[in-house]
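Below is one structure, written out as structure tokens, with a few remarks after it.
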Amino acid sequence: MSGETGISAFPEEDNIFCWKGTIIGSKDTVFEGTEYKLSLAFPNNYPFKPPKVKFDLMCVFLFILC
């Protein structure tokens, strides 16, 4: 539900207040090829209160032993 390429968000199956979203990293940047998943929780009094947005990702650390 976005006019922007690489950005999308849709409500979960049976709850219009809970959405799942995706942002794709921009081309020709260090983020190219990266996909970010988001959870959006809209309060009952939206738009007077903002939604809570959470990135659903794991932090991965790469350790190189020399």
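Okay, here's what the table says:
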quantity: Count of residues meeting criterion [assigned to a loop (DSSP other than H, G, I, E, B) and closer than 17 Å to Pro11 by Cα] in segment 46-59; calculated: 5
quantity: Residue match in segment 16-25 (condition: modelled with pLDDT under 90, out of contact with any helix residue (DSSP H, G or I) (no Cβ under 7 Å at 6 or more places or on another chain) and part of a loop (DSSP other than H, G, I, E, B)); calculated: yes
quantity: In segment 26-45, the residues that are modelled with pLDDT of 95 or more, under 17 Å from Ser8 (Cβ atoms) and not in a strand (DSSP E or B); calculated: Phe42
quantity: Residues of segment 1-15 satisfying the condition of being under 14 Å from the mean Cα position of the chain (by Cα) and part of a strand (DSSP E or B); calculated: Ile7, Ser8, Ala9, Phe10, Pro11, Glu12
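The values are calculated or read from the model by the stated rules, or taken from the named source; none is laboratory data. Every value quoted in this text rests on a predicted model; they were computed, and no experiment measured them. As a convention, Cβ positions derive from the backbone with ideal geometry for all residues, glycine included, and neighbour counts pool all protein chains shown.
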